[in-house]
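K.L.:
Structure in structure tokens, see below.
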């Protein structure tokens with residue numbers, strides 16, 4: 001997709017967006033997204049061992065030999081404060097890496113929906129929403145989150161022109177706007193995570209506007225931090 005000159009919000013509701021937000025709020029120095037487990041180990045080996053942690057998952061399961069998985073509850077102050085986090089996930093970090101050509105890249109989830117919308121508007125650029133999805137397919141929770149973002153953006157900019165996919169997402173988002181918790185039952189990925197004992201993660205990710213920070217991916221220095229455009 002053409003991203004040059006636009007602001008992008010990357011959405012991975014379950015769970016990378018929420019985990020990155022949580023890690024940075026809890027004092028993580030920066031998150032470095034990478035594509036593979038092998039690259040995560042290589043990047044970690046190049047940094048002082050006491051300053052770095054590696055985190056990630058595949059198909060929702062923590063990776064062997066990693067310090068942390070992809071549960072928001074992994075990223076406590078005690079574990080991540082002051083650390084650089086090298087992270088690879090099935091979908092979220094891949095979407096971040098794919099967005100590197102954009103003028104500005106933010107991380108959005110349900111938990112920081114309002115803050116993410118205002119961040120995107122503040123850039124005074126066209127906005128593209130990138131849903132991480134699930135292995136190349138649309139995931140309901142990301143689609144709904146995108147729709148709710150479109151709704152927030154349109155309220156602030158009523159004259160904004162919506163693409164057909166944005167209109168489709170808007171319709172999905174409005175079905176869940178009054179009760180995003182229903183996604184826990186309706187989303188196949190949410191049900192899968194719950195069946196694997198990660199219902200607490202799902203509940204934490206399906207909360208609206210509980211965080212006010214927007215992580216920003218800076219490809220020129222290859223990290224995600226809480227920052228400006």
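Bear in mind these aren't lab numbers, they're just calculated from the coordinates by the rules spelled out. What you are looking at is a predicted structure, and each value in this text was computed from that prediction instead of being measured. Virtual Cβ from ideal backbone geometry, glycine too; neighbours counted across all protein chains shown.
K.L.:
For the range 96-115 and the range 158-202, compute the distance between their C-alpha centroids and round to whole Å.
P.N.:
Using only Cα atoms to place each centre, the spacing works out to 17 Å.
K.L.:
How much of the calculated P(r) for the range 18-91 lies past 14 Å, in percent of all Cα pairs?
P.N.:
52
K.L.:
Taking 7 Å along the Cα-to-C-beta vector as the label spot, tell me the residue 174-residue 220 distance in nanometres, rounded to one decimal.
P.N.:
Result for the modelled spin labels: 4.0 nm.
K.L.:
Here is a follow-up. Report the calculated FRET efficiency for residue 47 and residue 159 (r = Cβ-Cβ distance, R0 = 41 Å), to the nearest 0.05.
P.N.:
0.30
K.L.:
Further question: So for the range 18-91, averaging the separation of alpha carbon pairs under 8 Å that are six or more residues apart and normalising by length, what relative contact order in percent results?
P.N.:
Once normalised by length, the contact order is 47 percent.
K.L.:
A further question follows. Taking the mean number of other Cβ atoms within 10 Å as a proxy for protection, how do you rank 107-118, 157-168, 14-25 from highest to lowest?
P.N.:
The most tightly packed comes first, giving 14-25, 107-118, 157-168.
K.L.:
May I ask for the angle, rounded to the nearest 10°, between helix 113-122 and the longest principal axis of the chain, with both axes built from Cα atoms and the value confined to 0 to 90°?
P.N.:
That helix lies at roughly 80 degrees to the long axis.
K.L.:
Quick one, which of (1) 27, 20, 15; (2) 36, 18, 15; (3) 41, 19, 15 is the actual semi-axes √(5λ) of the Cα gyration tensor in Å calculated for this model?
P.N.:
(1)
K.L.:
Using only Cα atoms, tell me the angle between helix 16-25 and the longest principal axis of the chain; keep it within 0 to 90° and round to the nearest 10.
P.N.:
With rounding to tens, the tilt is 70 degrees.
K.L.:
Starting from 0.36 nm per residue, how many nanometres of slack lie between residue 207 and residue 38 once their C-alpha separation is accounted for?
P.N.:
Additional length available on full extension: 57.5 nm.
K.L.:
Once both axes come from the Cα atoms, what is the angle between helix 164-176 and the longest principal axis of the chain, in degrees from 0 to 90, rounded to 10?
P.N.:
That works out to roughly 80 degrees.
K.L.:
What whole number of Å gives the distance from the Cα centroid of the range 1-54 to the Cα centroid of the range 206-220?
P.N.:
First find each Cα centre; the distance between them is then 12 Å.
K.L.:
Quick one: which of 56-67, 86-97 comes out on top by average Cβ neighbours within 10 Å, and what's the full order, highest first?
P.N.:
Ranking the peptides 56-67, 86-97 by packing returns 86-97, 56-67.
K.L.:
Provide the gained length on full extension for the span residue 195 to residue 81, in nm with one decimal, where the gain is 0.36 nm per separating residue minus the Cα-Cα distance.
P.N.:
Gain on extension, residue 195 to residue 81, equals 38.0 nm.
K.L.:
Sorting check: for 128-134, 170-176, 145-151, which peptide has the highest mean count of neighbouring beta carbons within 10 Å, and how do the rest follow?
P.N.:
The packing order, highest mean first, is 145-151, 128-134, 170-176.
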